[in-house]
Amino acid sequence: MKATNPSDGVLVDRYGRIARDLRVSLTDKCNLRCTYCMPAEGLPWLAGPQLLTDEEIVRLVGVAVQRLGVTEVRFTGGEPLIRAGLLDIVAAVAALEPRPRISLTTNGINLDRLAPALHAAGLDRVNVSLDTLDAERFTALTRRPRLDAVLAGLAGAAAAGLTPVKINSVLMRGVNDDEAPALLRFALAHGYELRFIEQMPLDAQHGWDRAAMVTADEILTSLRREFDLRADPAERGSAPAETWLVDGGPARV
């Protein structure tokens with residue numbers, strides 16, 4: 001990825017694709033210990049001086065938005081909700097001209113409490129990670145009994161206007177690959193948009209195995225036992241996600 005001539009104001013990769021989205025990790029810390037993300041004991045966290053300050057993050061985002069053509073900023077982690085300066089960062093980014101769209105990817109814990117303030121600060125929407133609706137399975141996957149907190153976070157985000165609320169789900173063979181239809185039923189019932197995402201080989205605990213990955217075709221086959229899925233005719237552009245209309249739409253997965 002490289003910047004073109006400053007007068008062009010865009011970031012273009014060697015395939016000619018223009019980058020409009022910027023992902024900003026606010027912390028490496030997390031209050032869950034998901035089995036596919038980190039070992040049970042956690043990882044050595046970065047020391048404070050190694051992290052960008054709130055002001056440095058806003059300055060970096062400002063350069064991307066005002067000089068490089070970025071139109072959407074997504075805050076991630078670790079778990080971004082545990083960043084002490086999150087509200088101030090969101091408010092400062094929302095005050096930029098031109099104003100970017102601002103989203104946040106979270107595990108949902110404490111989102112019900114923070115959602116109104118985040119919306120007031122300028123956050124537009126959230127993606128919430130949720131891989132299972134079974135409490136025991138959730139505890140086994142995350143090593144924390146916090147499913148109720150995540151469900152409350154989803155409801156709180158919707159009530160605060162952080163819409164569309166999107167759910168990110170990772171399916172793993174022999175673990176939760178039977179839950180695709182149940183997750184979609186849940187999303188449809190609450191007006192959320194479900195997104196199945198691939199398990200990333202973060203592999204701090206050396207547990208990533210390609211053979212354990214669930215393919216898109218397998219997910220589609222599972223969902224089509226209960227739902228009519230048609231390819232979304234909307235222009236996809238350079239987005240990696242492939243969306244499908246559920247039972248004629250407007251709901252998508």
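The values are calculated or read from the model by the stated rules, or taken from the named source; none is laboratory data. Not measured: the values here are computed from a predicted model. A quick note on method: Cβ atoms are made from the backbone with ideal geometry, for glycine too, and the neighbour counts reach across all protein chains shown. Quick note on the areas: whole protein, heavy atoms, side chains included, nothing else; ligands and nucleic acids left out. Shrake-Rupley method; radii C 1.70, N 1.55, O 1.52, S 1.80 Å.
Numbers for the structure displayed
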read-out	value
Proximal charge balance of Leu183 [Cβ under 15 Å; K/R count +1, D/E count -1]	-1
Positive-pole candidate from Ala121, Val165, Cys30, dipole of the chain, charges at beta carbon	Ala121
Cα-centre dipole for the chain with unit charges at Cβ (Lys and Arg positive, Asp and Glu negative), debye to 20	380 debye
Local electrostatic count, Ile57, Cβ distance below 11 Å [Lys/Arg +1, Asp/Glu -1]	-2
Helix-only CD estimate at 222 nm, as mean residue ellipticity for the chain, using -39500 (n - 2.57) per DSSP H run (n ≥ 4)	-9000 deg cm²/dmol
Efficiency of FRET between Met213 and Glu41 - r from beta-carbon atoms, R0 22 angstrom, step 0.05	0.30
Antiparallel %, DSSP beta bridges [both residues in the chain], to 5	30 percent
From the C-alpha gyration tensor of region 46-141, square roots of 5λ in Å	27, 16, 12
Quarter of the Cα convex hull surface for region 1-87, i.e. its orientation-mean projected area (nm²)	7.4 nm²
Sequence of Ser129, Ser25, Ser222 from largest to smallest accessible area, 1.4 Å probe	Ser25, Ser129, Ser222
Loop-located GluC sites (Glu not before Pro) in region 21-81, at most 14 other Cβ atoms within 10 Å (DSSP)	Glu41
Alpha-carbon spread of the chain, three principal axes, descending order, Å	52, 44, 38
Carbon and sulfur %, accessible surface of region 1-114 computed with the full protein complex present, 1.4 Å	53 percent
